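The values are calculated or read from the model by the stated rules, or taken from the named source; none is laboratory data. A quick note: this is a predicted structure, and the numbers were derived from the prediction, not measured. Glycine also receives a Cβ, built like all others from the backbone with ideal geometry; neighbour counts cover every protein chain displayed. Heavy atoms of the whole protein, side chains included, go into the accessibility calculation; ligands, DNA and RNA do not. Shrake-Rupley method; radii C 1.70, N 1.55, O 1.52, S 1.80 Å.
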Amino acid sequence: MTFRATVLTLYPEMFPGPLGLSMSGRALEKEIWALETVQLRDFATDRHRTVDDTPAGGGAGMVLKADIVAKAVDHASPVGDERPRLLMSPRGKPLTQPRVRELSGGPGVMILCGRFEGVDQRVIDARGLEEVSIGDYILSGGELAAQVLLDAVVRLLPGVMGNVASGEEESFESGHLEHPHYTRPADFEGMPIPDVLTSGNHGRIAAWRRERALDLTAERRPDLIEKMTRKT
Ligand code: SAH
């Protein structure tokens, strides 16, 4: 079954963008997933096709209007649509690999891309939009964030990745960071490839990789080690 992504945006020209290339682009061609964009402005009712207004209570910037967004959401994801309705938002729950994997097992996603200061809270509540963040920094719009999410999800769809195993060995699937990689040449600027990797001893290689992975994680992401020990 095709994974269906519907993206609500003021900038449909930004899609498929990078998602049209490489692994996700080939998967789009093969119809493993489908991408539809909805122009929020098409749901404006006035002559100027206004989608935003000044914030109640004052302050800088503009807010996407609840009535316009609601009409776009109802069009893109009518009653009965089983797909999660996401809103890219720095206030959202940080996106993680387990959530990415969960989404890739579903029928698709509807994604609303915010702009300006964000979206009127009432439509977030009324349409049950799930706020998702891609990190603790502020982008100028939700489009790049939506592309990040879709890239992560699409590569996990069946038939997208050439080598299925490579998806499961990666950083975060196991709870820790991945081991370092090496390839030819054997000597790079005087630096050799670690002996163990050319030893042909698969048991020793696996043990070395695991040890390096855990060392790296302890050094760079002690928070992940703590999470792993809490789980076991
Ligand atoms: N005033 C808001 C920022 C708005 S940025 C605040 O301070 O929280 C404009 C839009 O960009 C947001 O509505 C959201 O859709 C998107 N965006 C910005 N940063 C993001 C992030 N880290 N993750 C996901 N979406 C983000």
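Got at least one residue in the range 18-32 being open to solvent by less than 60 Å² (accessible area, probe 1.4 Å), farther than 22 Å from Gly105 by Cβ, touching a strand residue (DSSP E or B) at 6+ places or on another chain (Cβ under 9 Å) and of a type outside the set (Ser, Thr, Tyr)?
yes
Could you check, for the range 67-80, whether at least one of its residues is touching a Cys at 6+ places or on another chain (Cβ under 9 Å) and modelled with pLDDT of 95 or more?
Scanning the range 67-80, I find no residue that is touching a Cys at 6+ places or on another chain (Cβ under 9 Å) and modelled with pLDDT of 95 or more, so the answer is no.
Within the range 134-142, is even one residue touching a residue at least 60 places away in the same chain (Cβ under 8 Å) and either part of a helix (DSSP H, G or I) or within 14 Å of the chain's Cα centre (by Cα) (or both)?
yes
Collect the residues in the range 33-45 that are assigned to a loop (DSSP other than H, G, I, E, B) and open to solvent by 40 Å² or more (accessible area, probe 1.4 Å), keeping them in residue-number order.
Thr45
Which pairs do you get when a residue that is loosely packed, with under 15 Cβ neighbours inside 10 Å, found in the range 46-66, comes within reach of a residue that is among the acidic types (Asp, Glu) and not in a loop (DSSP other than H, G, I, E, B), reach meaning Cβ atoms under 9 angstrom, with the pair 6+ apart or on two chains?
Arg49/Asp42; Gly61/Asp52
Arg91: at pLDDT 95 or above, surrounded by fewer than 17 Cβ atoms within 10 Å (Cβ to Cβ), within 13 Å of the ligand (Cβ to nearest atom) and outside any helix (DSSP H, G or I), yes or no?
yes
Scan (1) surrounded by fewer than 16 Cβ atoms within 10 Å (Cβ to Cβ); (2) among the charged types (D, E, K, R); (3) at pLDDT 95 or above; (4) not assigned by TED's automatic domain parsing to the domain that holds Pro98 for the single condition Arg209 breaks and write down its number.
Of everything listed in (1) surrounded by fewer than 16 Cβ atoms within 10 Å (Cβ to Cβ); (2) among the charged types (D, E, K, R); (3) at pLDDT 95 or above; (4) not assigned by TED's automatic domain parsing to the domain that holds Pro98, Arg209 misses just condition (1).
Taking the stated definitions as given, is Thr183 loosely packed, with under 13 Cβ neighbours inside 10 Å and either over 23 Å from Thr96 (Cβ atoms) or not assigned by TED's automatic domain parsing to the domain that holds Thr96 (or both)?
Answer is yes for this residue.
With respect to Gly142, determine if the residue is of a type in the set (Gly, Ala, Ser) and in contact with a strand residue (DSSP E or B) (Cβ under 6 Å, 6 or more places away or on another chain).
Answer is yes for this residue.
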